[in-house]
Structure formats: structure tokens, C-alpha cells
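The values are calculated or read from the model by the stated rules, or taken from the named source; none is laboratory data. Since this is a predicted model, take the numbers as computed values, not measurements. Quick reminder, even Gly has a Cβ in these numbers, built from the backbone with ideal geometry, and neighbours come from all protein chains shown.
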Amino acid sequence: MKKEYIIGGALIVGGGLYYAYTKGLLDKFLKPKPKPTGETAKEESRATIDAIAAQQEAARIAAAAANRASAASSYETSIDNPNSYKGKVAYIQGQINTSVDGDPTGRMGINSNTNKAFDSIYGLDKGAISTANIDYYKTRVETKNTKASIALAAQQKTAADNKTITDVNTFLNLINVQNMTATLLLDVTAKTHQYDRLTNTFINMNVNRVFKKGTTFSKGEFAGPYSFNNNKVVAFIERVSYYSSTLNYYFFLTDKFIVQK
């Protein structure tokens, strides 16, 4: 049975294959493709160079994108980001004058310098500073919600509820800082005193002055606190006359007043 071959679209039967080979009829099918020369070589070289350049540019763009993504990810948690946990801790540390490193605990936990300083000023009412309470504590710092301000607010609430105030500093704060008014609840007889700079004492002038119930006092009229008859008191101060620099002092216990806005 004769064998048949199809080469280059031509049918070759049996021994015809050897004949075709010896006559060079199969050269175009069997010989390797010659290397390009001239303009063709230049074009193919340019195409290769362009392809390599395109690959390199694509790699550069991918690397740049990866770097940007990495930088963005790092910023999200860095101390330089005011919205990150470390950034919020750093803000608090800057306000309470401790080392600013974005770490509130270090190796000391609740006994760290940051936690102890914060506790002394604001109070760790929600435990040591952590991701669970950082926004709460940051807001307290921003609003100056210190332990002292909380105590003063409590005193003021008590004063508002009871209408009278026994703490001299609270009384002076309400009158001279918060512009409230103090009104006498009863008639009060006070001795006139003048200050002696040589002895650094108040001298009783043996002159009585009666302040009637309902008399009101406002910002700038009281000073203190002073110690008088073993009590902490405030003093109402007035000039002896328009032309005189001498001042008269009248001492009051603060519970003799009602304080109102």
C-alpha cells in the first residue's frame, strides 16, 4: 500500500517524497526562516524595544501604585494622622504635657505616665486609655472637662438648688467670673474696716453699717477669700469718697446671699 503525504498543500505519494527532497522541492518547507535584514530588521528591533519599554513602564506604574497603597495604609495608623488612634493619643499627650509618642500605656499599662497624668487632671472614669474610650477621653480634653471643672459644676448645681453657697471660692467665681448677682437674704450689720499696709492687717474702724435685705452685689464688688473671725469670708469694698483712695472693707459670710443669674 502506498503512503501519501501532504506538504505545503501538495499531495506526495510513496517514493515521490525522496525525489522531491533531492530536487530541493521541499526547501521552503524544511529550511529555517532567514533572519530579516535592512528596514525589516530595524522595524522588528524597534518593536522588541517598544515591547520591553512597555513592560518596564507597566511594572513601574504597578510598583508606584503599590507604594502609594502602602503609604496610605501606613498613614491610616500613624501618629501623624489626627484621626488615627495614635494621632488621638498624641493630641491628649500634648495637652497633658507627657511624652508624645502615640502610645498611652507602654510597658506600664494603667500606671504609665500618660495614664497617671490624665487621671490626675481628668480622671480615668472609663479605665486606662484604649481604643475603646479614646474618642470619649479626647472629647473631654477638647472641652476642658477636668475634675476641677466637674467639681465646680457640682458646686454650682448645689448652689442653684439650695440658693446659697458656703464655699467662698465658688461664690467669687459665680459673681466675678460668671457675672451672677448676689442678693442679701436678711439685714446684715457689718463693721467698717480699713487695710493697714504697715501691719498688713485690717483695722476695725468701730463704725457699723447696715446692709438691708434685698441689697444686690455684682461683678467687681467682692474680693477674697479672707480669714475673719476664724471664718472664710468675702469682702465688699467701697471707696470712702470719690476723691479718696482709701477703701472700706465689709466682711460677709457667703451663706447670707442668694446667687442668681
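Looking at the structure I just gave you, is Thr98 surrounded by 10 or more Cβ atoms within 10 Å (Cβ to Cβ), β-branched (Val, Ile, Thr) and either under 18 Å from Val141 (Cβ atoms) or modelled with pLDDT of 80 or more (or both)? Let's see the steps before the verdict.
Values: surrounded by 10 or more Cβ atoms within 10 Å (Cβ to Cβ): yes; β-branched (Val, Ile, Thr): yes; either under 18 Å from Val141 (Cβ atoms) or modelled with pLDDT of 80 or more (or both): yes.
Yes: the conditions hold for Thr98.
There is no residue in the stretch 238-248 that is farther than 17 Å from Asp196 by Cβ, touching a helix residue (DSSP H, G or I) at 6+ places or on another chain (Cβ under 7 Å), surrounded by 12 or more Cβ atoms within 10 Å (Cβ to Cβ) and in the same structural domain as Asp196 (by TED's automatic domain parsing). Gly214 passes every criterion in (1) without any contact (Cβ under 8 Å) to a residue 60 or more places away in the chain; (2) in a strand (DSSP E or B) apart from (2).
Could you check, for the stretch 69-85, whether at least one of its residues is closer than 30 Å to Leu174 by Cβ, assigned to a loop (DSSP other than H, G, I, E, B) and either without any contact (Cβ under 8 Å) to a residue 60 or more places away in the chain or not charged (D, E, K, R) (or both)? Spell out how you get there, then give the answer.
Within the stretch 69-85, the subset closer than 30 Å to Leu174 by Cβ is none.
Scanning the stretch 69-85 turns up no residue that is closer than 30 Å to Leu174 by Cβ, assigned to a loop (DSSP other than H, G, I, E, B) and either without any contact (Cβ under 8 Å) to a residue 60 or more places away in the chain or not charged (D, E, K, R) (or both).
For every residue, the table says whether it meets (1) more than 30 Å from Tyr249 (Cβ to Cβ); (2) without any contact (Cβ under 8 Å) to a residue 60 or more places away in the chain; (3) outside the structural domain of Ile237 (by TED's automatic domain parsing).
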residue: Thr114; (1), (2), (3): yes, yes, yes
residue: Ser130; (1), (2), (3): yes, yes, yes
residue: Ile134; (1), (2), (3): yes, yes, yes
residue: Lys147; (1), (2), (3): yes, yes, yes
residue: Ala154; (1), (2), (3): yes, yes, yes
residue: Leu184; (1), (2), (3): no, no, no
residue: Ile203; (1), (2), (3): no, yes, no
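Would you call Ile175 in contact with a helix residue (DSSP H, G or I) (Cβ under 7 Å, 6 or more places away or on another chain), among the β-branched types (Val, Ile, Thr) and in contact (Cβ under 8 Å) with a residue 40 or more places away in the chain? Criteria not met by Ile175. Could we say that Gln155 is closer than 21 Å to Ala223 by Cα and either of a type in the set (Asp, Glu) or at pLDDT 80 or above (or both) here? It is false that Gln155 is closer than 21 Å to Ala223 by Cα and either of a type in the set (Asp, Glu) or at pLDDT 80 or above (or both).
From the list Ile150, Ile165, which residue is in contact with a Gly (Cβ under 9 Å, 6 or more places away or on another chain) and modelled with pLDDT under 90?
Numbers: Ile165 fails: in contact with a Gly (Cβ under 9 Å, 6 or more places away or on another chain).
Going through Ile150, Ile165 in turn, just one is in contact with a Gly (Cβ under 9 Å, 6 or more places away or on another chain) and modelled with pLDDT under 90: Ile150.
Among the residues of the stretch 225-261, those identified as assigned to a strand (DSSP E or B), within 43 Å of the chain's Cα centre (by Cα) and under 16 Å from Ala190 (Cα atoms) are Tyr226, Ser227, Lys232, Val233, Val234, Ala235, Phe257.
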